[in-house]
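Taking it in order: structure first as structure tokens, then the write-up.
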Amino acid sequence: MKLISALYPSLSEVKHTYPVDEALDIVKQHLERGADIDGMEPLRNVLMLPFDSEVVKRVESGEWLLVRDEAYYFDGGQIDKSVGAKLLEHRVMELMNPSPGAKKSYGCIFKVISFDSREPLVGRPYIAMVSGKIIEGHTDGDGLVQLPTPSDGVPVSIRVSFRTPLQHTGGLFSESTDTVFVTELMSRELDANTWVCRIAVNDRAMTRQTILHTMDVAGFKVRQRSLWEAKSVKNGMVPGWNYSMIALHHAGRGYGCGDFGAMQMKRAQNNHLGRGYDDIGYHFGIDCAGQVFEGRDIRSKGASVDEYNTGVIGIVLLEDLTVTGEVDDWIDGLRSGMEVWKQNTQNTPPALQVEALCALIEALRQVFSIRVLGGHREYPNQKGDDKYCPGNTGMELVAKLRRSTGLSEPSVL
Ligand SMILES: [Zn+2]
């Protein structure tokens with residue numbers, strides 16, 4: 001969670017703000033224990049009297065908001081709508097000060113920046129609506145958009161397209177989703193006092209949203225972390241992007257088709273946290289019923305292949321896909337014993353699970369330039385249990401998927 005000023009919350013922050021009484025309890029408890037809350041230090045530093053009682057007062061009055069982590073990891077947002085800034089840049093001043101003697105001009109000026117780098121986005125397509133008229137264009141060399149209006153007080157709305165690593169812009173979304181990311185303003189006289197509306201386009205959040213949306217349309221709604229009661233990730237996750245590979249895993253011994261996927265995801269996360277990882281290592285998990293779960297946020301680098309995670313998306317099938325005799329241990333011994341009694345203990349991934357996996361691979365290929373699909377064990381120098389993952393049955397599936405998708409094996413790297 002994070003403590004923020006209530007002045008310019010993002011939409012996502014507003015959605016994930018704790019109610020005041022709950023926030024008060026949490027903040028008081030932390031203060032009593034001397035524990036830190038993310039964001040508290042910078043806020044406290046600007047107080048005249050940085051006492052605990054002053055902190056409590058700000059939270060009680062609603063001047064400061066306590067926001068859940070979900071606001072940052074699972075926002076679908078594109079735009080920092082609320083950040084208005086007076087930009088005293090030369091270019092902006094030029095736009096606002098028409099030549100002397102000219103009559104007054106009206107409109108809105110937007111500055112489009114990248115959410116991640118805060119740099120201006122140049123040549124980014126936008127679509128705007130001014131007095132009911134649609135205007136399409138691109139941001140200029142400084143990331144600026146000027147939309148003139150005949151007078152002040154005219155409603156102006158704008159939607160800036162986003163970009164996935166495959167360079168798709170917009171278009172992947174339905175109209176209803178698009179409208180969520182529209183910024184609206186009233187036009188005013190353009191002069192030196194005009195406020196420039198800054199739009200921060202969050203390409204990565206939108207790329208993630210596109211994956212979820214594509215899966216939704218394909219009939220495999222992705223269960224987000226709150227649904228499997230994921231624990232918060234540790235601070236300072238390493239960003240990951242520009243993925244070109246997929247590593248397929250099986251959850252391994254002790255996992256089976258009879259269990260609930262949500263519980264299995266929780267178990268895998270606990271296991272990984274116990275091993276000192278920052279979060280569950282896989283980006284996605286799929287259970288035998290074809291339910292897809294979001295593991296580690298796709299915007300963070302995964303931890304699913306030993307020494308080999310850059311550019312790799314990890315997907316786990318939530319069962320054990322080894323066959324008898326493959327792993328020489330007591331479970332295998334037990335299984336061979338059972339086979340004498342003609343029980344089916346050879347695990348094959350159910351059709352629904354395979355369908356969900358195919359849909360997920362397709363959804364990922366729509367936004368990332370994926371070239372490689374490999375079973376975990378095919379990546380170089382894997383040790384211990386990793387040498388068996390995703391089991392012989394899992395490897396048969398990988399071979400089939402490579403044939404149907406045309407993706408390459410990791411050895412081509
Ligand atoms: Zn694995």
(Q) Residue under question is VAL201, and the condition is that it be away from the ligand (no atom under 16 Å from the Cβ), β-branched (Val, Ile, Thr) and surrounded by fewer than 21 Cβ atoms within 10 Å (Cβ to Cβ); does it hold? (A) no
Q) Is it true that VAL316 is in the same structural domain as LYS266 (by TED's automatic domain parsing) and at pLDDT below 90? A) no
Q: Identify all residues within the stretch 356-388 that are part of a helix (DSSP H, G or I) and more than 14 Å from the ligand (Cβ to nearest atom); write none if there are none.
A: ALA356, LEU357, CYS358, ALA359, LEU360, ILE361, GLU362, ALA363, LEU364, ARG365, GLN366, VAL367
Q.
Of all residues being touching a residue at least 12 places away in the same chain (Cβ under 8 Å) and part of a helix (DSSP H, G or I) in the stretch 401-413, which is surrounded by the most Cβ atoms within 10 Å (Cβ to Cβ)? Just the residue, please.
A. PRO410
**Q.** Residue identified as in the same structural domain as MET186 (by TED's automatic domain parsing), touching a Lys or Arg at 6+ places or on another chain (Cβ under 8 Å), touching a residue at least 40 places away in the same chain (Cβ under 8 Å) and not in a loop (DSSP other than H, G, I, E, B) among VAL112, VAL156
**A.** VAL112
Q | Complete set of residues in the stretch 39-60 that are surrounded by fewer than 15 Cβ atoms within 10 Å (Cβ to Cβ) and within 22 Å of VAL233 (Cβ to Cβ) | A | GLU41, PRO42
Q. How many of the residues in the stretch 270-295 are more than 15 Å from the ligand (Cβ to nearest atom) and either more than 22 Å from the chain's Cα centre (by Cα) or polar (S, T, N, Q) (or both)?
A. 6
Q.
Looking at the structure I just gave you, is VAL312 away from the ligand (no atom under 16 Å from the Cβ) and hydrophobic (A, V, I, L, M, F, W, C)?
A. no
Q.
Filter the stretch 216-229 down to the residues that are free of Cβ contacts under 8 Å to residues at least 60 places away in the same chain and either acidic (Asp, Glu) or buried (at least 17 other Cβ atoms within 10 Å of the Cβ) (or both) and list them by number.
A. ASP216, GLU229
Q. Across the stretch 229-269, what is the total count of residues that are hydroxyl-bearing (Ser, Thr, Tyr), modelled with pLDDT of 90 or more and more than 16 Å from the ligand (Cβ to nearest atom)?
A. 2
(Q) I need the full set of residues from the stretch 389-400 which are in contact (Cβ under 8 Å) with a residue 60 or more places away in the chain and either over 30 Å from the mean Cα position of the chain (by Cα) or away from the ligand (no atom under 14 Å from the Cβ) (or both), in order please. (A) ASN392, THR393
Q: Give the residue that is modelled with the lowest pLDDT, with candidates limited to residues of the stretch 133-166 that are out of contact with any strand residue (DSSP E or B) (no Cβ under 9 Å at 6 or more places or on another chain) and surrounded by fewer than 19 Cβ atoms within 10 Å (Cβ to Cβ).
A: LEU166
Q: Go over the candidates ALA359, ALA399 one by one and state the one that is under 20 Å from SER244 (Cα atoms) and in contact with a Gly (Cβ under 8 Å, 6 or more places away or on another chain).
A: ALA359
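The values are calculated or read from the model by the stated rules, or taken from the named source; none is laboratory data. Every value quoted in this text rests on a predicted model; they were computed, and no experiment measured them. We place every Cβ from the backbone using ideal geometry, glycine too, and count neighbours over all the protein chains shown.
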